[in-house]
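What follows is a short report on a single structure.
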Amino acid sequence: MSLNLRQKQTGMANEEVYKILIYDKSSQDILSPLIHVKDLRKHGVTLFFLIDKPRKPIPDVPAVYFIRPAPGNIQRVVSDAAVPLYDTFHLNFSSSIPRPLLEDLASGLLKSNDAVSRVSKVHDQYLDFVTLEDNLFSLAYSNCYVQLNDPKAEQREIEEIIEKVVDGLFCVLATLSVVPIIRCPQGGAAEMVASALDQRLRDHLLAKNNLFSEGGNFASSFQRPVLCLFDRNFELAMGIQHDFRYKPLVHDVLGLRLNRVSVQGEKGGTKSFELDGLDPFWVANGGLEFPEVAVEIENQLTKYKKDVDDVNRRTGGTSGAEFDGTDLIGNTKHLMSAVNSLPELTERKQVIDKHTNIATVLLGEIKERSLDSYAKKEYDMMVRGSIDMNELMGVFKGKGSKMDKLRFAIMYLISLETVPQSEAEMVETALKEAEVDTSAFQYIKKIKSLNVPLTSASAASRGNIVDWAGNLLAAGMKNLLSGDRQLALARIVEALMEGRPNPEVDSYVMFDPRAPKSSSGSHLRGPFKEAIVFMIGGGNYVEHASLQELVSRQQPAKHIIYGTTEILTGAEFVDQLALLGKKMGLGANPAPSAH
C-alpha cells in the first residue's frame, strides 16, 4: 500500500506530503502488529482516525483510507467526500470490493458535487489477514469453530463460512504471489475450503492481468509451495492442553494479543509490552520451556553487567595511575567506543527488564495454579493413553482455576481410547463439586460416544456437517503425540512435504489450480521446500512452535508458514466447546471463570 502517496513535486525539489490515515477496527488489527506510530510519521501520516468516530473537516490535506469493503464503510466514505472532510481520497480496501458495493460507491459519489473528482484512487489491497510474525498469520475470524460445528447450522450458512475463509486465504496467497499445490484430509471443512479455493484460483488465473507471478515473494526458489489445510478436529487436544513453553505460556496465561501483552506492575498499575520480531530474546527463546527461559534471562543479565563493567573499566582509567599524556589517543578511542556501545547496552537492558517482568508474573501464575503439573500430567496421559484414577481425582481437589480443571478433564476424555462410563461420571461429579460448567466436557463426551468404534476421517461425509464433525473429531482423538513429542500436525506436514508414499497421507486429497481439472497432478506430490499450514477453526502457539521445531530439524533448510482462522488460548477454545454443548442442551449452570 505504501500509504499511496509519498511526495509531490514543488518547483525545485520533492516535498513530503502530509496525510491523514482513516481505518476501521479490522484494518487497525491488521496494521497494529506491523507498523508503529513512529513508522506512520516517517510516511508523513500526521493524524489517524477510526472511520466510525466523529471527525472534523481538515481541508487541503489528502486522506488515505484503509478499510474493509462493507456497506457501512462505503456509506461513510460517500458522506466524507460529500462534505468534503479532506482534499483528496485514496481508498484502499483490505480485500477485493464486490461489484455491488463498487456500484454503491460510484452512485453515492455521483449524487454530490465534485465528490467523484476528490477520489484519487481505489485499490484492492488483498491484505485481509493479520501477520503476527514472518511465519505466523491469522484471519481474525471469531467463533469459526462454533459456526462450522453447530448442529443446527444450515448448508447455506456453512457455505458462507467456507467462502469467508477462502477470501482470507486468497489474500494471503495473493500477497505471497504463489499458487500452491493444495493438500487436505478427505471430507469436512478442510476439503470444502480446498475445493472452493482451488476454483477461486482457477477462475482468477484465467484473467490476463492476474495477481500471481510464480516464485514471487515467498522464497528464493522457483518451486511452488504446498498448502496443507486441516480442520481443528484433526488434532483437538492441541487446542486445549496446557503447554510449558514460553511463547504458548505467555499467550495462554497472560493473553498475548496482536503481539502485545499487559501485566500487573510491582507497584500496581498495568505495564504493556510488545513481543514481536524486533525483540531478539522473544525470537530466540520463545520455543524454550519456561525454566530454560528463566536461566537465559539470568545469563543475559550477567553478560550485560559484565559488559557494563568492561565499559567502565576502559573509560574510568586504572586506579592510582598517573596521567602522563602518552596514551591520549588510546583513551580517546576507548571513550568513543564506550559512547557508541551505550545505545546497544540500553536496548539490551530494556529487553532484559521486559522479560524479567513477564517471567515474574508468569512464575506467580505457575505456582498459584500448578501449571507445570498440569502440563506434565496431560503430556504423560496422552503418551500413555491412561492415568491412575487417584491421580486424576487429585487434580480436581488440587490447585488450579476452574478452567484449568475443565481443560484437564477434557484432555482425559480425549487421551483415552475408551473411557469407562463410571469413570466419566466420577469426573463429571468432581467438576460439578468444583462448581465448573460441564457443557464443554459433556459435548466432547457426546461426540465421542457417537463414534464408539473410532472411525477414520476418510469416512466422513461432506454433505452432513454433524457427521463429518463427529468423524473428524474421532480421528482427532487418535492424532496425539508420538514418542518424541512431535505433534501429529508436524508429522503429517513433514510427510506431505517429503512427498513419498506414506499410509498416513496417501488418502489426502490434492488440488493443483494450475493443472487441467482432468489431470491427477501426481507429478507434483513433492518434495516441497516450502509449506503453508492452515488450521480451520482456531490455532495456537503450541502448533506454531511444533512446526518451527520441525523446520529447525530439516536439512536442507525448509520454510513453513502457519496460519489459522483465529489464534485461541485453551480457555477461549473450551468456551467455544461449551457453547456447542449448550446448543445441544448439555451442561450445567456454573461458569468456568478465571481463565
Given H placed on each backbone N at 1.01 Å, which residues far from Phe137 in sequence or on other chains put an amide H within less than 5 Å of it? Leu132, Tyr562, Gly563, Thr564
Counting only the heavy atoms of the protein chains, how much of His242 is accessible to a 1.4 Å probe, in Å² to the nearest 10? 10 Å²
Dipole magnitude (debye, nearest 20) for the range 109-165, charges at Cβ of Lys, Arg, Asp, Glu: 380 debye
Per-peptide average of other Cβ atoms within 10 Å, ordering 92-101, 559-568, 228-237 highest first: 228-237, 559-568, 92-101
Val122, Val166, reordered so the largest accessible area comes first (probe 1.4 Å): Val122, Val166
Give me a comma-separated list of calculated 3J(HN,Hα) values for the range 340-356, in order, Karplus coefficients 6.51, -1.76, 1.60 applied at θ = phi - 60°, integers in Hz, x for any Gly or Pro. 5, 7, 4, x, 5, 5, 4, 5, 4, 5, 5, 5, 4, 4, 4, 6, 5
Starting at the first residue of the range 562-571, write each ³J(HN,Hα) from the Karplus equation 6.51 cos²θ - 1.76 cosθ + 1.60 with θ = phi - 60°, in whole Hz, x for Gly and Pro. 10, x, 7, 5, 7, 8, 10, 6, x, 5
Rolling a 1.4 Å sphere over the protein heavy atoms, what is the accessible area per residue of the range 188-295, to the nearest Å²? 41 Å²
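Once you order the gyration tensor axes a ≥ b ≥ c over the Cα atoms, which shape class does the range 32-153 get: rounded for a/c under 1.5, otherwise prolate or oblate by comparing a/b with b/c?
Oblate is the answer for the range 32-153, as a/c is 1.5 or above yet b/c matches or exceeds a/b.
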Share of the range 19-127's accessible area from carbon and sulfur, percent, 1.4 Å? 56 percent
Run the quick spin-label model on Asp29 and Lys208: label points 7 Å from Cα toward the beta carbon, then report their separation in nm to one decimal. 3.9 nm
Report the label-to-label distance for Leu363 and Leu342 in nanometres (one decimal), using points 7 Å from each Cα along the Cα→Cβ vector. 3.2 nm
Mind ranking 194-205, 388-399 by how tightly packed they are, going by the mean number of other C-beta atoms within 10 angstrom, highest first? 194-205, 388-399
Could you give me the ³J(HN,Hα) list for the range 236-252, computed from phi with Karplus coefficients 6.51, -1.76, 1.60 and θ = phi - 60°, whole Hz, x at Gly and Pro? 4, 4, 5, x, 10, 5, 7, 10, 10, 8, 4, 5, x, 5, 4, 5, 6
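The values are calculated or read from the model by the stated rules, or taken from the named source; none is laboratory data. Keep in mind it's a predicted model, so treat the numbers as computed, not measured. Ideal geometry is used to build each Cβ from the backbone, glycine not excepted, and the neighbour counts take in all protein chains shown. Areas reflect the complete protein model, heavy atoms only, side chains present, ligands, DNA and RNA absent. Shrake-Rupley method; radii C 1.70, N 1.55, O 1.52, S 1.80 Å.
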